[in-house]
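Written below as structure tokens is the structure these notes are about.
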Amino acid sequence: MRSQPLSRANCGARCGGRPGLRRRGYSAAVLVAIKRAYKTLYHSGLRLDEALMQIERLAPACAELEQFVEFIRTTRRGIVR
């Protein structure tokens, strides 16, 4: 049996879990907000506090992003960037 190409086998890391979020009924607008937040946090070059403020400004009415920011701010162990 042949294994899947690396690009498909690594889809979770590449697409941030979007297929699973779609299956669970998240709207397209929420998926776009999550993608922007991820890019802001990990690829913008901003310091953590600056990136979190930027994420809060991106989607102030998005409960999922509010939870995301709150988690990062309150975690004792931090995150890996």
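Quick notes on this structure:
- Hits in the stretch 32-59 (condition: outside any helix (DSSP H, G or I) and polar (S, T, N, Q)): Ser44
- Selection within the stretch 38-81 - among the hydroxyl-bearing types (Ser, Thr, Tyr), under 22 Å from Arg18 (Cβ atoms) and open to solvent by 90 Å² or more (accessible area, probe 1.4 Å): Tyr38
- Within the stretch 19-28, the set of residues being without any contact (Cβ under 8 Å) to a residue 24 or more places away in the chain and either more than 17 Å from Gln67 (Cα to Cα) or open to solvent by 50 Å² or more (accessible area, probe 1.4 Å) (or both) comprises Pro19, Gly20, Arg22, Arg23, Arg24, Gly25, Ser27, Ala28.
The values are calculated or read from the model by the stated rules, or taken from the named source; none is laboratory data. Source: prediction; values computed, not measured. So basically every Cβ, Gly included, is an ideal-geometry build from the backbone, and we count neighbours across all protein chains shown. Keep in mind that these areas ignore ligands, DNA and RNA; they rest on the heavy atoms of the full protein, side chains included. Shrake-Rupley method; radii C 1.70, N 1.55, O 1.52, S 1.80 Å.
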